[in-house]
Amino acid sequence: MRLYVYVLQAKDLLAEDSYVKVQVGKHKSKTRILRNNANPVWNEEFVFRVHNIDDEERKIIRCCHQLGFLLKSPRLASLRTWIAEKFFSHYLCEARATMFPPTTSFIHTQMLALRTPKNLRVHVCYHMRCFTRKALCLSITEGKHLMKAIASRLEKIFNKNDQDSRNGDSSELSSTPSDYEDCVEEQPSSHSFEEAMEMMQLRDNEREMPENLEGGILLDQVYVVSPNDLNTFLFGPDSQFMKDLAELQGTTDVQEGTWELKSGDMFCLTRTVSYMRAATKLVKAVNATEQQTYIRANGQEFAILITVSTPEVPYGNAFNVELLYKIFPGPELSSGEDSCHFIISWSIAFCQNTMMRSIIEGGVRQGLKESFDQFSNLLAWNLKILESKDILDKDKVLATLQTEHQSDLELASEYFWNFTLVCTIFIAVYVLVHILLCKPSKIQGLEFNGLDLPDSFGELISCSILVIQLERVYNMVKHFVQARLQKGSDHGVRAQGDGWVLTVALIEGVNLASLESTGLSDPYVVFTCNGKTRTSSVKLQTCDPQWNDMLEFDAMEEPPSVLDVEVFDFDGPFDQATSLGHAEINFLKHTSTELADMWIFLEGKLAQSSQSKLHLRIFLDNNQGVETIKEYLTKMGKEVGKKLHLRSPHRNSTFQKLFALPPEEFLINDFTCHLKRKMPLQGRLFLSARIVGFYANLFGHKTKIFFLWEDIDDIQVLSPTLASVGSPSLVIILRKGRGLDARHGAKSQDEEGRLRFYFQSFVSFNEATRTMMALWRTRTLTLDQKQQIAEEQQNQGEMSILEGSILNSEDAKMSRVYSAELPINVKSLMEMFDGGRLENRIMEKSGCLNYVTTSWEPIKPGVFERKLSYRFNCHVSIFGGEVTCTQQKSPLPNDEGWIVNEVMLLHDVPLDDHFRVHFRYEIEKSTLAHNACKCTVYIGITWLKSTKFQQRITRNITEKFTHRLKEKIGLVEREILFATQQDTCI
C-alpha cells in the first residue's frame, strides 16, 4: 500500500525560515528550507510504502519551524494537550483522508492521530491554506470553537468499531457537514462592483499607497480622466476594454469571476480571472490564472495587485508574476478637467530556487514589454494622454496659480479686526472724550504744573488697563509690519546665472500646528538647497494658509540632490522662530511629473500630531543643456587629474533604469570592485554627480544599493592586508541616520551608529580613489568654503604652489642642458634678471608678449625673490599659453657668482595642471679668463599628477626650452658685446 502526502503552502507564519518534516514509521522526509519567506509555497509530493498500518506507528506530518512557532503558540499547544488526554486508546489512519472539506475558505486542516500498543504518541498535523493574499488570524473565541468541532468529529469517528472506521470513514467525512464550518470565517460576500467600491472606501482611510514593485515600470502615463472612471473602465464587470485587449492579444476562454469582499484583519476585494494565452514563437498556448486584489481604494487612489500563475509554461510551478496597478490623481489642469496618474510595475515571486532564474526573468521581462506595449497603445486609443510637455511646462503650470495677492489694506483689515483692537479703540476714544469734556483739576497732593497724577486707585487701574491695551496694539502693528517686510527679502527674486535652476511654487498648507492660545499661527516656509535658502511670505493668523508664492534658487553648477523644507511660526525678525514641522524632498526618488504637483507631509511632534502637509510644485531645469554637464565634467576632470568624457545616451539610460533615477542624472565613471560583507560580492561601482551606487547580479540574486554624496561623513583608504588579498580597501562611512535604504550592503555599523561600506579589488585603485574624493569634496563643501577657495585662487593664483615648489626644487630631477664660457663678466650677464631694458628687449625678441616683472625683494638673509608673467606668441606655442614664474636668487660663497632658481607654471596648454618646470642658473667667474664667466643651466620637471603622456611631455619640454635657452643667452651675449663696442668707439 502507498501513502501520498502533499505539502502545498502556508500563509503568514510568524517565522520567516520554515520547512515541513514528514515521517511514516522509520521513513523520514522533509521539504526544502524557505528562508526570508513568511508565506512559503512548497508544492512537494512524498510517497511512502506501508505494509501493515495496524501494527506500525505512523507519524504523518509535522510542521517544524526554526523559531519554534508551533510549540510557542498557546492555541496549538492547548489543542495538542487536549487530544493527548482525551483519546488514549483510539486509532485513526487513512491514507490521503481529510477531516474537513477542502472548500473551507480560511484554513484547510488535516489531522491524523496514531497509537501503538506499547507506546502511545499522538501527533497533530496542520496544513494551512489561505485563499486571500494575506491570511486572517483566528481569535480566541474561534480557537475554542475549533477545539469543540474537532472533539465532536473525533467522537463520531472513534465511537464506531474498527471495521466500520476502516470501511466508512472516508465516505462519512465527505458526506457529513463539517462542524468547523460554524467557527471559521464567513464565506466571501458578493456585491455589485459599485457597492463594493463604496464599502472599500469606508474602510480604506488608513492604508497607504504601496511602493512600486522592484521589477520595474511597465507603464507610467497621465491621462485626462478621473481616477474613479479609469478604475471602472479597467476593472469593472464586463469591461469592454479588457475584451478588446483579449481580442488584440489573441486571448481566448476568458472567464471573469465576480468581485467578492473578504472581511477580517485585512478587508479586501478580490476576484479570479482565468484565460488561455495565445501561443508565441517559443511557448505554446497555455492556461493562466489571475488573482486580482484591491490593496487600496478610497475613491481617489486605487492600488490593485494581480498575481498571475502559468503552471503550464516551462518551470511555471517555480514562479508567479506580480503586477501592481496604481491609479491616483494627476496634476491640476488649467481647463478644469480631471487627470489621473497611471503606473504599472511588476516583479517575480519565486516559489522555489532554480538555476534558470535569470533566464526566467529575461523571458518574463520581454513578454511583459510586448504585452503592455499593446496595452498602452489600446489605452491611448480610448483615453486622452496628457503630454509631458504640458505637465512639465513650468510657465504654463505656474501661470495657473493665483497671481493676484491681497493688498496690505485687506490683510490689515483681516488681521486687526478683533476684540483687542476694537476694545482698545473704544477705551481710547472714551478717555479722549472724557478729557475734552472735563475741566482742569486743581493741583493737589504731590502734583505740580505739568504733572497730573491719578487721584484714586480706580483711576490708577484704568490707566494701567489703557496702557496694557495700547502696548498690545503696538505689538500687533509691529508684528504686522515686520511680517510684510519679510516678503521683500528673497521672495519673488528671479534666478541668476547659468546652470541648474530650481523653482519652487508654494501653493498652500493644511492643518499647520499652533502654539498660541487662539489656535492660529503665523506660518512661513524656509527652503534650503545646496547651502542656499529662500523664504516665503508670512501668512498671519491661519492654520490653512494660501501662499501661491514662487521662489527661485540661483543657478548651481552641480545638480541638487535634496531640498529641505521647514515651516516656522513668525515671531519677529530677531526672535528665535518656533519650528512647526520639517520635511526632506529627495529629487532622486521622485520623477519630474511627481515633483510638478506633490503634497508632502511634515515631520516633527507638532506636525505629526496635527497631520500637517504642504502643497508644492517643483521644477528643476538646466538652462544650458549639455553645456552645463560638459563644464561640470571639465571641472571635475581637473580635480581628478584625468579628462572625463560624457557617457553615451544608451549607457546613461541603462544607469538611470538600473537605479530608478530621473533623466537628468548622468553617469561620470564606473569601476569593477568587490563589496565586502560577510563574503566579498563582485559587482560594479557607479559614480554620478549625486550618488554612489553599487550593483551586483550573482546567479540571479541582485544586490543594488545607492546613497548620496551628502550622506558621506568620511572616506578612508586602508593599506593592503592579508585579509584583503594584498589589495587596498576603500571605506565609506555615512553620517548617522543617513543611507538607511542601503544598510543591507554595509559590512558593519560603528559605535556612533554610522554605516560603513568596504570596497576593494579595484582594477585602478588610485583613479577610483581620486575620482571619489574629488566628487565628495565638491558636493560636501559649504558655500562659504567654496567662496573662500575661489577668492584665494583669484587673489593668489598658483603663486602659493610656486613658492612651495621653489623650496622643493632640489627634489626635481635636474638635468644639465646648457654650459658655456662667455666673454662677459658675471655682473653684465646678471642684467638679464634685473628687469631693466636689456631683459625686456631679450624677452621680446625671444617671442614673449606682455612681459611684466616685479622688483627683487629680500625674503631671507641673502635670498631675494621676484615674480614675472608673460605670454608666448604663436610662433613659440600654437596654444599661445600664459606663463607665471617665481624666481629666487642667492649669491655664491666669496662673491664668486649667483644661483638663480626659477619655477615656471604654464597655462592654457594641455595637461597644464599635471607638472611644473624648474630651471636652475649657475653663473660664476671663469677660471680661464679674467673678464669672463661660466654659465650652466639645468632643467627639471615635477609631476603633480600621473599621466601616460609623461615621457612625451618631458621630452618635448626639454627640447623646446633647451633651444630657447641657447637662443636667449646668445641674444644677451650679442647685446652686451655690441653695447661694449659702441662705448669703446665713443
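The values are calculated or read from the model by the stated rules, or taken from the named source; none is laboratory data. Predicted model only: the values in this text are computed from it and were never measured. Virtual Cβ from ideal backbone geometry, glycine too; neighbours counted across all protein chains shown. These area figures cover heavy atoms from the full protein model, side chains too; ligands, DNA and RNA do not enter into them. Shrake-Rupley method; radii C 1.70, N 1.55, O 1.52, S 1.80 Å.
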Whether any residue in segment 574-595 is assigned to a helix (DSSP H, G or I), modelled with pLDDT of 85 or more and loosely packed, with under 15 Cβ neighbours inside 10 Å is what I want to check. yes
Restrict the check to segment 408-421 and report whether at least one residue is modelled with pLDDT under 70 and closer than 30 Å to LEU245 by Cα. no
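In the list LEU261, LEU230, LEU269, LEU219, which residue meets the criterion of being touching a residue at least 24 places away in the same chain (Cβ under 8 Å), assigned to a helix (DSSP H, G or I), on the phi < 0 side of the Ramachandran plot and aliphatic (A, V, I, L, M)? Break it down stepwise before answering.
On the way: LEU261 fails: assigned to a helix (DSSP H, G or I); LEU269 fails: assigned to a helix (DSSP H, G or I); LEU219 fails: assigned to a helix (DSSP H, G or I).
When all the criteria are applied, what remains is LEU230.
Okay, residues lined up against (1) modelled with pLDDT of 70 or more; (2) open to solvent by 30 Å² or more (accessible area, probe 1.4 Å):
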| site | (1), (2) |
| --- | --- |
| VAL763 | yes, yes |
| GLN788 | no, yes |
| GLY797 | no, yes |
| ARG841 | yes, yes |
| GLY847 | yes, no |
| ASN850 | yes, yes |
If you take the residues of segment 327-382 that are part of a strand (DSSP E or B) and open to solvent by 20 Å² or more (accessible area, probe 1.4 Å), which of them is farthest from ASN39 (Cα to Cα)? PRO329
Quick one: HIS930 ticks every box in (1) at pLDDT below 80; (2) within 55 Å of the chain's Cα centre (by Cα); (3) under 25 Å from ILE976 (Cα atoms); (4) not aliphatic (A, V, I, L, M) except a single one, so which number is it? (2)
Of the residues in segment 11-33, those that are at pLDDT below 80, open to solvent by less than 60 Å² (accessible area, probe 1.4 Å) and of a type outside the set (Asp, Glu) number 5
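Condition (residue is under 30 Å from the mean Cα position of the chain (by Cα) and open to solvent by 50 Å² or more (accessible area, probe 1.4 Å)) applied to segment 518-529: is it met by at least one residue?
Step one: list which residues in segment 518-529 are under 30 Å from the mean Cα position of the chain (by Cα), which gives 523-529.
Subsequent filtering for residues that are open to solvent by 50 Å² or more (accessible area, probe 1.4 Å) retains none.
Scanning segment 518-529 turns up no residue that is under 30 Å from the mean Cα position of the chain (by Cα) and open to solvent by 50 Å² or more (accessible area, probe 1.4 Å).
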Checked segment 541-559 for anything surrounded by fewer than 21 Cβ atoms within 10 Å (Cβ to Cβ) and assigned to a loop (DSSP other than H, G, I, E, B); matches are GLN541, CYS543, ASP544, GLU557, GLU558
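Would you confirm, using the coordinates I've provided, whether LYS925 is open to solvent by 90 Å² or more (accessible area, probe 1.4 Å) and farther than 30 Å from GLY637 by Cβ?
Values: open to solvent by 90 Å² or more (accessible area, probe 1.4 Å): yes; farther than 30 Å from GLY637 by Cβ: yes.
Yes; evaluated as a whole, the condition is true for this residue.
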For segment 977-986, check the following and say yes or no: at least one residue is out of contact with any helix residue (DSSP H, G or I) (no Cβ under 9 Å at 6 or more places or on another chain) and at pLDDT 85 or above. no
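Count, please, the residues in segment 336-366 that happen to be among the polar types (S, T, N, Q) and closer than 29 Å to THR591 by Cβ. Walk me through how you get there before you give the answer.
Filtering segment 336-366 for residues among the polar types (S, T, N, Q) gives 339, 345, 347, 352-354, 358, 366.
When the remaining residues are screened for being closer than 29 Å to THR591 by Cβ, the result is 339, 345, 347, 358, 366.
Residues that pass the stated criteria total 5.
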Within segment 499-536, track down each residue that is in a loop (DSSP other than H, G, I, E, B), among the hydroxyl-bearing types (Ser, Thr, Tyr) and modelled with pLDDT of 80 or more. SER514, SER536
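Okay, residues lined up against (1) over 30 Å from LYS704 (Cα atoms); (2) at pLDDT below 90:
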site	(1), (2)
GLU194	yes, yes
ARG207	no, yes
ASP229	yes, no
PHE241	yes, no
LEU245	yes, no
THR252	yes, no
MET266	yes, yes
THR280	yes, yes
THR293	no, no
Can you say whether SER537 is more than 20 Å from the chain's Cα centre (by Cα), open to solvent by less than 20 Å² (accessible area, probe 1.4 Å), of a type in the set (Ser, Thr, Tyr) and at negative phi, as far as the supplied structure shows? yes
Looking only at segment 933-951, count every residue that is within 55 Å of the chain's Cα centre (by Cα) and open to solvent by less than 10 Å² (accessible area, probe 1.4 Å) and tell me the total. 2
Considering each of ARG837, ARG871, ARG866 in turn, give the residue that is open to solvent by 30 Å² or more (accessible area, probe 1.4 Å) and touching an Asp or Glu at 6+ places or on another chain (Cβ under 8 Å). ARG871
I need the full set of residues from segment 597-633 which are buried (at least 17 other Cβ atoms within 10 Å of the Cβ) and basic (Lys, Arg), in order please. LYS613, ARG617
Only residues that are of a type in the set (Asp, Glu) and surrounded by 15 or more Cβ atoms within 10 Å (Cβ to Cβ): list them for segment 244-296, please. GLU256, GLU260, GLU290
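Out of the residues in segment 655-684 that are among the polar types (S, T, N, Q) and open to solvent by less than 70 Å² (accessible area, probe 1.4 Å), state the one that is farthest from SER764 (Cα to Cα).
Within segment 655-684, the first condition is being among the polar types (S, T, N, Q), and the residues that meet it are 656, 669, 672, 682.
Still in the running and open to solvent by less than 70 Å² (accessible area, probe 1.4 Å): 656, 669, 672.
Numbers: GLN656: 24, ASN669: 12, THR672: 9 Å.
My answer is GLN656.
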